[in-house]
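Each reported figure results from applying straightforward, stated rules to the coordinates on display, with no laboratory input. Note that the coordinates shown come from a computational prediction; the quantities given were computed from them, not determined experimentally. Glycine gets a Cβ as well: all are built from the backbone with ideal geometry, and neighbour counts include every protein chain shown.
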Amino acid sequence: MSRVVTVRIVTSADLPFLTDMLWEAAAVDAGMREIGKAAALAMPLVSKYLNDWGRPGDGGVIAVDSTGTPLGAAWYRLFPEDAPGYGFVAADIPELSIGVNDAARGQGVGGGLIVALLEMAQSAGLRGVSLSVDRDNPALALYGRHGFRDAGISSPEETSVTMVMRFE
Ligand SMILES: CC(C)(COP(=O)(O)OP(=O)(O)OC[C@H]1O[C@@H](n2cnc3c(N)ncnc32)[C@H](O)[C@@H]1OP(=O)(O)O)[C@@H](O)C(=O)NCCC(=O)NCCS
């Protein structure tokens, strides 16, 4: 079944939904699922992806259906070298986070969000976008289709891999 999906820029009013999507992304990890949503979102290593949302360098897009109901979100954020995110590559390359509601997955929403977010990043003059993904997450293939490549930082023994999409 096809449906109308629109991708728009996030506003500060979308923060609760972004937080829900941060949980969807964190919950890929079994340990996080065990900890539970509220406790996981309170952990600095998770909350750092959204706290003080709207600071310089933040950017995001949200997919909504024809009724305006949010389906998924993707956003990027810069991290300093001394307090990096999981997918840190450089202080001037933001890290992508993405989540799509369970019921809306596998219908192209995530791909549309990635395309829109990369356009936003390129328009903002950024030289690339990075991310961290579990090696067994099927999203790895999705990222590859959108130009993300192994950044060459992660060792093969690590369960996750840092990927980067460079515009140059
Ligand atoms: C990863 C995610 C954002 C992709 O969004 P989506 O709307 O399902 O993506 P699309 O429909 O555009 O593309 C589907 C692709 O996503 C990947 N995918 C990952 N999890 C999926 C799921 N549960 N259902 C369907 N596809 C999934 C697959 O690569 C699939 O493509 P392929 O099977 O043809 O290779 C979404 O599945 C999700 O929120 N997953 C849980 C959170 C997560 O893993 N976040 C990323 C952490 S790095």
### Message
Mean-square fluctuation check for the chain, GNM, Cα pairs under 10 Å: which of 152, 111, 60 is largest?
### Response
152
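Apply the a/c threshold of 1.5 to the C-alpha gyration tensor of the stretch 32-97 and tell me whether it is rounded, prolate or oblate.
Numbers: a/c = 2.34, a/b = 1.22, b/c = 1.92.
It is oblate, given that a/c is not under 1.5 and a/b is not larger than b/c.
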## Note on the structure
Distribution output for the stretch 102-168: share of Cα-Cα pairs per 5 Å bin in percent, first bin at 0, values 4, 16, 26, 22, 17, 11, 4, 0
### Whether the stretch 1-122 is rounded, prolate or oblate, judged on the alpha carbon gyration tensor where a/c under 1.5 counts as rounded
oblate
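Evaluate the charge dipole of the chain about its Cα centre and quote only its size in Debye, nearest 20, assuming +1 on the Cβ of each Lys and Arg and -1 on the Cβ of each Asp and Glu.
On the way: 13 positive and 20 negative charges, 88 e Å.
I would put it at about 420 debye.
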#### Entry: Per-residue ³J(HN,Hα) for the stretch 121-132, Karplus 6.51 cos²θ - 1.76 cosθ + 1.60, θ = phi - 60°, Hz, x for Gly and Pro
5, 5, 4, 7, x, 6, 9, x, 9, 10, 6, 10
### Query
Using the alpha-carbon centroid of each, what span in Å lies between the stretch 26-67 and the stretch 129-156?
19 Å
### Summary
With only helices counted (DSSP H, runs n ≥ 4, each -39500 (n - 2.57)), the per-residue ellipticity at 222 nm for the chain, to the nearest 500, works out to -8000 deg cm²/dmol
### Message
Show me the ranking of peptides 36-48, 128-140 by mean Cβ neighbours inside 10 Å, starting with the highest.
### Response
128-140, 36-48
### Query
For the chain, modelled as a GNM with alpha-carbon contacts under 10 angstrom, which of 84, 94, 56 fluctuates the most?
56
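With both partners inside the chain, how many of the DSSP beta bridges are antiparallel, as a percent to the nearest 5? Display every interim value, and only then the final one.
Numbers: 27 of 28 bridges.
DSSP beta bridges in the chain are roughly 95 percent antiparallel.
Below 8 Å between Cα atoms, with a sequence gap of 6+, how large is the relative contact order for the stretch 19-79 in percent? Intermediate results must be reported in sequence, preceding the final value.
On the way: 50 pairs, mean separation 15.6, N = 61.
Value for the stretch 19-79: 26 percent.
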### Task
Show the residues, 5+ positions off or on another chain, whose built amide H is closer than 5 Å to the amide H of residue 160.
135
